[in-house]
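Student: This is the structure I have questions about; it appears just below.
The values are calculated or read from the model by the stated rules, or taken from the named source; none is laboratory data. These figures come from a predicted structure and were not determined experimentally. For accessibility, only protein heavy atoms count, side chains too; no ligands or nucleic acids. Shrake-Rupley method; radii C 1.70, N 1.55, O 1.52, S 1.80 Å.
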Amino acid sequence: MARRLISNSGITSKADIKVDLSAMSDDALVFLRAGLDAEMRKRKLAFSVGAIGERLAIEYFRQTPNLPKLQPAPRGTKNVDALSRNGDRYSIKAHCSAKKTGQIYPDPQERDKQLFEHLLVVKLGTDWALESIHQFSWKQFAKIRSWDSRMNAWYIGISNRSLSAAELIFRSSESENG
């Protein structure tokens, strides 16, 4: 089964893209990368693990019956990446090979103030295809979070123990089999 990415036109299989990167010279790969970066900037497409993870999680929620329909939060909203139609706030942290999530900065006046209703931890494969989505409530997050004193922010360690505290929303068949 081919790995899938979610696109604006539905789900696109990587198998639909026929490029033999192994046959390209080093120079050709560098020029291809530069051309891709320029085109992505021109189209205003964010291309980072975090941005791709957010987009994949929001699209998965939109396309899955019985899950809230999410929409991106307004740009610049602190600690909130998506909103549900009923007003729940979602923070989304994506990782590919990291040992912990990105930072969640506390309220400057009240360190334990609730910042969101749900935290989604999105695991991407090395090919950036969606592998899993784990959902933590604020209460679950507050129970297992750790403090990064250098960054003055919260995070969750990416471990089986931490992730088992969450509700598993999605796991790809490839990640189940290894």
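Student: How much length is gained on full extension from S22 to Q114, taking 0.36 nm per residue of separation minus their Cα-Cα distance? Don't skip to the end; give the middle numbers.
Tutor: Working: separation 92, 0.36 × 92 = 33.12 nm, distance 4.83 nm.
Residue separation times 0.36 nm, minus the Cα-Cα distance, leaves 28.3 nm.
Student: Hey, which lysines would be in cross-link range of K69, C-alpha to C-alpha under 25 Å, not counting anything within fewer than 8 residues on its own chain?
Tutor: Filter leaves K44, K78, K93, K123, K139.
Student: Turning to a different aspect of this structure: For the chain, what does the relative contact order come out to in percent, with C-alpha contacts under 8 Å and a separation of six or more?
Tutor: Details: 266 pairs, mean separation 27.9, N = 178.
Contact order relative to length: 16 percent.
Student: Where does the chain land at 222 nm, in deg cm²/dmol rounded to the nearest 500, when only DSSP H runs of n ≥ 4 count, each adding -39500 (n - 2.57), divided by all residues? Could you put the intermediate results ahead of the total?
Tutor: Working: 5 runs with 47 residues, N = 178.
Counting only the DSSP helices, I get -7500 deg cm²/dmol.
Student: Report in % the part of the accessible area of the stretch 88-175 that belongs to carbon and sulfur, leaving out ligands and nucleic acids; probe 1.4 Å.
Tutor: Details: 2030 of 4420 Å².
Carbon-and-sulfur percentage of accessible area, whole number: 46.
Student: Return one whole number: the accessible area per residue of the chain in Å², for a 1.4 Å probe. Each step should come with its number before you reach the end.
Tutor: Values: 11200 Å² over 178 residues.
Solvent-accessible surface per residue comes out at 63 Å².
Student: If I compute P(r) over Cα pairs in 5 Å bins from 0, in percent from the structure I just sent, which labelled value in (1) 1, 6, 12, 14, 14, 13, 12, 11, 7, 3, 2, 2, 2, 1, 0; (2) 1, 7, 14, 19, 19, 15, 10, 7, 4, 1, 0, 0; (3) 1, 9, 18, 21, 20, 14, 9, 5, 2, 1 lines up?
Tutor: Matching entry in (1) 1, 6, 12, 14, 14, 13, 12, 11, 7, 3, 2, 2, 2, 1, 0; (2) 1, 7, 14, 19, 19, 15, 10, 7, 4, 1, 0, 0; (3) 1, 9, 18, 21, 20, 14, 9, 5, 2, 1: (2).
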